[in-house]
Structures are given as C-alpha cells and as structure tokens.
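Could you have a look at this structure, given as structure tokens, before my questions?
What follows draws every value from the coordinates through simple rules; no lab data is involved. Not measured: the values here are computed from a predicted model. Cβ coordinates were reconstructed from backbone atoms using ideal geometry, including for glycine residues, and neighbour counts include every protein chain displayed.
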Amino acid sequence: MSIKEPLDRYGIYIPLTLFVIFTFLALARGGSDNWAQVVLTNALTYALGCQLISAGYMHIFRGNFVAEYIGWPKNSPFQYEVGLAGLGMGVIGVMCSWYEGEFQLAVIVVTTIFLWGAAIGHVHQMVKAQNFHPGNAGYMFYWDIFMPPVLIILYCLAHKAS
C-alpha cells in the first residue's frame with residue numbers, strides 16, 4: 001500500500017486534528033484571555049482553511065477519486081472550478097491567522113454560503129439519486145452543515161465585548 005491510499009482515505013481528518021492540537025497548545029501556553037478568539041482563529045485557519053485547501057487540491061488533482069468518493073460521474077469539468085473555489089476560500093481561511101475582526105467575519109459569510117449550499121446539494125443527491133456515498137452523506141456533509149454555526153458562535157463570543 002502506498003502513502004497515497006491512506007492519505008486519500010483519511011487525509012480529510014488531518015485539518016480537524018491540526019485544529020485540536022494547535023488550539024490545545026495555544027490555550028495551554030496561556031492564550032485563554034480571549035479563548036474564543038484563539039479557538040475562532042484556529043478553527044478558521046485549520047478546520048476551515050486547511051480543510052478547503054485540501055478539498056481544493058483533491059478536486060483539482062484527484063478529481064476522479066473525489067468523484068467516485070462522492071458518487072458523481074468521473075471526468076466532470078466542474079471539478080476544476082469547485083477545486084479553485086475551495087482553494088481560494090481555504091487560502092483566505094488560513095489568512096485569518098494574521099487578520100481578525102471584519103476580515104474573519106467576511107470569511108465566515110462567504111464560506112457559510114458555500115458550505116450550506118453544498119449541504120443542500122448533498123441532500124438533493126441523497127433524496128433524488130439515493131446517493132449515500134461517504135463523500136456525499138458522510139463527514140463532509142456534516143462538516144458543511146455544522147462548521148458555519150460553530151464559526152458564527154465563536155465569532156460572536158470573541159467579539160461580544162466590542
């Protein structure tokens with residue numbers, strides 16, 4: 001088995017793991033004065049940014065694997081476009097490590113529209129095409145639904161004083 005196979009299968013969980021590790025380290029080093037901002041920044045950087053960069057890469061360079069994982073036809077030209085959208089949103093997510101406040105809010109708004117739109121697409125595929133492939137009805141579906149409210153709540157907690 002090559003390194004590519006486990007990365008294809010389990011790489012989707014790496015950004016969430018990075019989020020947990022770096023958040024724990026930041027809070028353990030005394031970053032708890034504004035814990036919500038620390039968690040928000042790490043969520044935007046790792047759980048959102050790195051996840052979307054990874055998804056963008058996969059859609060662009062491993063499109064047929066992703067299509068099969070999601071239950072879509074292979075060789076679809078839109079994979080490249082979805083990949084670029086994910087890559088772009090992932091980069092601005094990572095940029096949240098340097099920019100806070102309204103920049104983070106803008107990232108949350110844009111990615112919420114994209115992720116909830118994707119979740120609606122997943123539901124449509126589940127209902128219409130009975131598509132319950134792991135890439136359509138698994139981790140990414142739940143991530144699409146739950147990541148935005150987590151980010152919105154963290155943003156509100158981090159900025160409640162201002």
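Considering only N64, N34, N136, give the residue with the highest GNM mean-square fluctuation for the chain, with springs between Cα atoms whenever their separation is below 10 Å.
Looking only at N64, N34, N136, the biggest GNM fluctuation is shown by N34.
Rounded to a whole number of µm²/s, how large is the Stokes-Einstein D of the stretch 54-124 at 37 °C and 0.692 mPa s, given Rh as the Kirkwood radius over C-alpha pairs? Before the final figure, lay out the partial values.
Details: Rh = 13.0 Å.
It comes out at roughly 252 µm²/s.
Taking other Cβ within 10 Å of each residue's Cβ, how do D144, D33 sort, fewest first? Before the final figure, lay out each step's value.
On the way: D144 21, D33 7.
Going from sparsest to densest Cβ surroundings: D33, D144.
Per residue of the stretch 106-119, in order, report the coupling 6.51 cos²θ - 1.76 cosθ + 1.60 (Karplus, θ = phi - 60°) as ³J(HN,Hα) in whole Hz, putting x for Gly and Pro.
Whole-Hz 3J(HN,Hα) from phi for the stretch 106-119: 4, 4, 4, 4, 4, 6, 4, 4, 5, 5, 5, x, 5, 4.
Toward the positive end of the charge dipole of the stretch 4-157, about the Cα centre and with charges on Cβ (Lys, Arg +1; Asp, Glu -1), which of N64, F22, Y46 goes farthest?
N64
Using only Cα atoms, find the angle between the long axis of helix 78-95 and the longest principal axis of the chain, and express it within 0 to 90 degrees, rounded to the nearest 10.
Around 10 degrees separate the two axes.
What FRET efficiency would be calculated for the residue pair V127, E81, taking the C-beta separation as r and a Förster radius of 25 Å, to the nearest 0.05? The partial results should precede the final answer.
Numbers: r = 24 Å, r/R0 = 0.97.
Calculated value: 0.55.
Determine the relative contact order of the stretch 4-157: mean sequence separation of Cα pairs under 8 Å and six or more apart, normalised by residue count, in whole percent. All intermediate terms of the calculation are to be shown ahead of the outcome.
On the way: 167 pairs, mean separation 38.2, N = 154.
Result for the stretch 4-157 is 25 percent.
Something else now. Taking Cα atoms, how many degrees apart are the long axis of helix 14-28 and the longest axis of the chain, rounded to 10 and kept between 0 and 90?
10
Set Lys and Arg Cβ to +1 and Asp and Glu Cβ to -1, take the dipole of the chain about its Cα centre, and tell me which of A129, I153, I12 lies farthest positive.
Checking the options against the dipole of the chain, the answer is A129.
Over every pair of different alpha-carbon atoms in the chain, take the mean of 1/r and invert it; report that Kirkwood radius in Å.
Working: mean 1/r = 0.0611 Å⁻¹.
That comes to 16.4 Å for the chain.
Extending each Cα 7 Å along its Cβ direction at L105 and V150, get the distance between those two points in nm, one decimal.
It works out to 2.3 nm between the two label points.
With runs of 4+ DSSP H residues as the only contributors, calculate the mean residue ellipticity of the chain at 222 nm using -39,500 (n - 2.57) per run, divided by the residue total and rounded to the nearest 500. Don't skip to the end; give the middle numbers.
Numbers: 9 runs with 119 residues, N = 162.
One gets -23500 deg cm²/dmol as the mean residue ellipticity at 222 nm.
Dipole magnitude of the chain about its Cα centre, charges +1 at Lys/Arg Cβ and -1 at Asp/Glu Cβ only, in debye to the nearest 20?
220
On the first, second and third principal axes, largest extent first, how far apart are the outermost C-alpha atoms of the stretch 118-162 in Å?
Projected onto its principal axes, the Cα set of the stretch 118-162 covers 47, 15, 9 Å.
Now for a different question. List the residues whose amide H sits under 5 Å from the amide H of N131, counting only those 5 or more places along or on another chain, with H placed 1.01 Å from N in the peptide plane.
M126
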